[in-house]
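Colleague: Just passing along the structure, written as structure tokens.
The values are calculated or read from the model by the stated rules, or taken from the named source; none is laboratory data. Here the structure is a predicted model, which means the values were calculated and not measured. Note that we place each Cβ from the backbone using ideal geometry, even for glycine, and neighbour counts take in every protein chain shown. Keep in mind that these areas ignore ligands, DNA and RNA; they rest on the heavy atoms of the full protein, side chains included. Shrake-Rupley method; radii C 1.70, N 1.55, O 1.52, S 1.80 Å.
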Amino acid sequence: MEKKTSLNYSTRLLTEQDIPQMQSLFQSTVFYVNSKDYTKEEVEDWASCGDSMEHWKGLLLKNSYIAALDNWGNIIGFSSMNADGYLHSLFVHKDWQRKGVATLLLSEVEKMADEYGVRKISTEASITARPFFEKRGYRVVKEQKAKANRLYLTNFVMERNYEKGLSD
């Protein structure tokens, strides 16, 4: 079910039928947005993680994915949350950066976490995403090297605790 937001974007849950759009958005975001913080070889390796349809199907089984949609119903960003409070992904199309899409998606997945009864959200944020999460109260637990496909890329384990629930 599609839901309108105050930012004139709508949101809805994603399904297997959305995988081709998710793949395209993920890969183009990594190539165009994350390339300012990672080498050409690193972004090529990272983007290749989105090649497998089976991998995406597995992610959809483990996580609840929500999309932000433009006025024509195109996916302009997506994020995910699982019942343990792990925020697996948050990607926004290169043409929709700095327009409130990531903030909207983070708010939506935090509501999911609240519904799950989670009091701590954790994520593995890229160098690019770290400042976004820090501005929203997430703190770095540690810097790490995480394997993409064949290369190890720098990212940050981050978390945010909630004493009274996420929507308070």
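Colleague: Taking interchain pairs and intrachain pairs at least six residues apart, which have beta carbon atoms under 7 angstrom, with the first residue in region 33-45 and more than 11 Å from Lys94 (Cβ to Cβ) and the second assigned to a helix (DSSP H, G or I) and open to solvent by 80 Å² or more (accessible area, probe 1.4 Å)?
Modeller: Filtered contacts from region 33-45: Val43/Phe31.
Colleague: For Gly117, work out the one condition from (1) open to solvent by 20 Å² or more (accessible area, probe 1.4 Å); (2) touching a residue at least 12 places away in the same chain (Cβ under 8 Å) it doesn't fulfil.
Modeller: Failed condition: (2).
Colleague: Residues of region 14-37 being of a type outside the set (S, T, N, Q) and in contact with a helix residue (DSSP H, G or I) (Cβ under 7 Å, 6 or more places away or on another chain), which ones?
Modeller: First pass over region 14-37, keeping only residues of a type outside the set (S, T, N, Q): 14, 16, 18-20, 22, 25-26, 30-33, 36-37.
Selection gives Leu14, Glu16, Ile19, Met22, Val30, Phe31, Tyr32, Val33.
Colleague: Is there a residue in region 98-110 that is in contact with a Ser or Thr (Cβ under 6 Å, 6 or more places away or on another chain), farther than 26 Å from Pro20 by Cβ and touching a residue at least 12 places away in the same chain (Cβ under 8 Å)?
Modeller: No, because not a single residue in region 98-110 is in contact with a Ser or Thr (Cβ under 6 Å, 6 or more places away or on another chain), farther than 26 Å from Pro20 by Cβ and touching a residue at least 12 places away in the same chain (Cβ under 8 Å).
Colleague: Could I ask something else about it? For region 62-101, which residues satisfy the criterion of being open to solvent by less than 30 Å² (accessible area, probe 1.4 Å) and among the charged types (D, E, K, R)?
Modeller: Asp70
Colleague: Please specify each residue of region 30-44 satisfying the condition of being more than 13 Å from Leu153 (Cα to Cα) and open to solvent by 70 Å² or more (accessible area, probe 1.4 Å). Break it down stepwise before answering.
Modeller: Within region 30-44, the first condition is being more than 13 Å from Leu153 (Cα to Cα), and the residues that meet it are 31-33, 36.
Across region 30-44, the qualifying residues are Phe31, Tyr32, Lys36.
Colleague: Show me the strands (runs of 3 or more DSSP E) entirely contained within region 1-115 in which 3 or more residues are over 22 Å from Glu134 (Cβ atoms) and more than 13 Å from the chain's Cα centre (by Cα). If you could, list the steps in order and put the result at the bottom.
Modeller: Working: elements: 10-13, 64-69, 75-81, 90-92.
Result: 10-13.
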